[in-house]
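Asks: Pasting in a structure now, in structure tokens, and then I'll have a few things to ask.
The values are calculated or read from the model by the stated rules, or taken from the named source; none is laboratory data. On a predicted model such as this, the values are computed, not experimentally measured, just so you know. Reconstructed Cβ throughout: ideal geometry from the backbone, glycine too, with neighbour counts over all protein chains shown. These area figures cover heavy atoms from the full protein model, side chains too; ligands, DNA and RNA do not enter into them. Shrake-Rupley method; radii C 1.70, N 1.55, O 1.52, S 1.80 Å.
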Amino acid sequence: MVEKTLAIIKPDAIKKKLTGKIIQRIEDEGFKISGLKMLHLNKEEAKGFYIIHKDKQFYESLTDFMSSGEIVTMVLEREDAISHWRQVMGATDPALAEPGTLRQMFGSSIERNAAHGSDSPTTAEWEINYFYKKE
Ligand code: UDP
Ligand code: MG
């Protein structure tokens, strides 16, 4: 089934000039990019996006990081887009991510792990709406 997911290139990867490589990988994996924008979230916007993690010990640091520089948000379309994108990214912790995954290649810590992807159809719809609200 063709589905949509929300992908983000995080500030660490943008600063390392990995934007082009990551977008190339997205296209090579057969995704259609149906939305794309560069944003610099403020702290409140980062907190809103990660509201699901508000009670976690990493919430403050994560939202500082996500509002520390530009990000690129994208809507990706493909067969099984949600699980496929998570496979391409690899495990949350780059140290545990499979060789060849984006987080293994480009991440530097469990926080600064280069990319984001939605984890379920419900989350994908909510996250896409967060950045691409229909007028
Ligand atoms: N994160 C963190 N410390 C942790 C777990 C997660 O800083 O112990 C950050 C990391 O950037 C991760 C994000 O919080 O990508 C969201 O966490 P989640 O568990 O949803 O991981 P993901 O779905 O991104 O793999
Ligand atoms: Mg998650």
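Asks: Would you confirm, using the coordinates I've provided, whether Leu6 is part of a strand (DSSP E or B) and touching a Phe, Trp or Tyr at 6+ places or on another chain (Cβ under 8 Å)?
Replies: Against the criterion (part of a strand (DSSP E or B) and touching a Phe, Trp or Tyr at 6+ places or on another chain (Cβ under 8 Å)), Leu6 qualifies.
Asks: Of the residues Gly69, Gly20, which is touching a helix residue (DSSP H, G or I) at 6+ places or on another chain (Cβ under 8 Å), farther than 16 Å from Glu127 by Cβ and of a type outside the set (Val, Ile, Thr)?
Replies: Just one listed residue meets the conditions, Gly69.
Asks: Give the residue, chosen from Lys21, Lys4, that is open to solvent by 80 Å² or more (accessible area, probe 1.4 Å), more than 12 Å from ligand 1 (Cβ to nearest atom) and under 16 Å from Ala114 (Cβ atoms).
Replies: Just a single option satisfies the conditions, and that option is Lys21.
Asks: I've got another one for you. Given the conditions (1) open to solvent by 20 Å² or more (accessible area, probe 1.4 Å); (2) within 15 Å of the chain's Cα centre (by Cα); (3) within 15 Å of ligand 2 (Cβ to nearest atom), report the number of the one that Thr122 does not fulfil.
Replies: With (1) open to solvent by 20 Å² or more (accessible area, probe 1.4 Å); (2) within 15 Å of the chain's Cα centre (by Cα); (3) within 15 Å of ligand 2 (Cβ to nearest atom) applied to Thr122, the lone miss is (2).
Asks: Okay, next question. Before we move on, is Thr73 of a type in the set (Ser, Thr, Tyr) and near ligand 1 (Cβ under 9 Å from one of its atoms)?
Replies: It is false that Thr73 is of a type in the set (Ser, Thr, Tyr) and near ligand 1 (Cβ under 9 Å from one of its atoms).
Asks: Something else about it: Hey, can you tell me all the residues within segment 36-57 that are over 17 Å from the mean Cα position of the chain (by Cα) and under 19 Å from Ile110 (Cβ atoms)?
Replies: Answer for segment 36-57, where residues must be over 17 Å from the mean Cα position of the chain (by Cα) and under 19 Å from Ile110 (Cβ atoms): Lys54, Asp55, Lys56, Gln57.
Asks: Working only within segment 85-106, note down all residues that are outside any helix (DSSP H, G or I), open to solvent by 20 Å² or more (accessible area, probe 1.4 Å) and touching an Asp or Glu at 6+ places or on another chain (Cβ under 9 Å).
Replies: Hit for segment 85-106 is Ala91, nothing else.
Asks: Let me confirm something: among Phe49, Phe31, Phe58, which residue is of a type in the set (Phe, Trp, Tyr), within 15 Å of Tyr132 (Cβ to Cβ) and surrounded by 12 or more Cβ atoms within 10 Å (Cβ to Cβ)? It would help to see each step written out before you state the result.
Replies: Working: Phe31 fails: within 15 Å of Tyr132 (Cβ to Cβ); Phe58 fails: within 15 Å of Tyr132 (Cβ to Cβ).
Going through Phe49, Phe31, Phe58 in turn, just one is of a type in the set (Phe, Trp, Tyr), within 15 Å of Tyr132 (Cβ to Cβ) and surrounded by 12 or more Cβ atoms within 10 Å (Cβ to Cβ): Phe49.
Asks: To continue, here is another question. Only one of these is within 13 Å of ligand 1 (Cβ to nearest atom), touching a residue at least 24 places away in the same chain (Cβ under 8 Å) and crowded, with 16+ Cβ neighbours inside 10 Å: Ile26, Ile82. Name it.
Replies: On the way: Ile26 fails: within 13 Å of ligand 1 (Cβ to nearest atom).
So the residue among Ile26, Ile82 that is within 13 Å of ligand 1 (Cβ to nearest atom), touching a residue at least 24 places away in the same chain (Cβ under 8 Å) and crowded, with 16+ Cβ neighbours inside 10 Å is Ile82.
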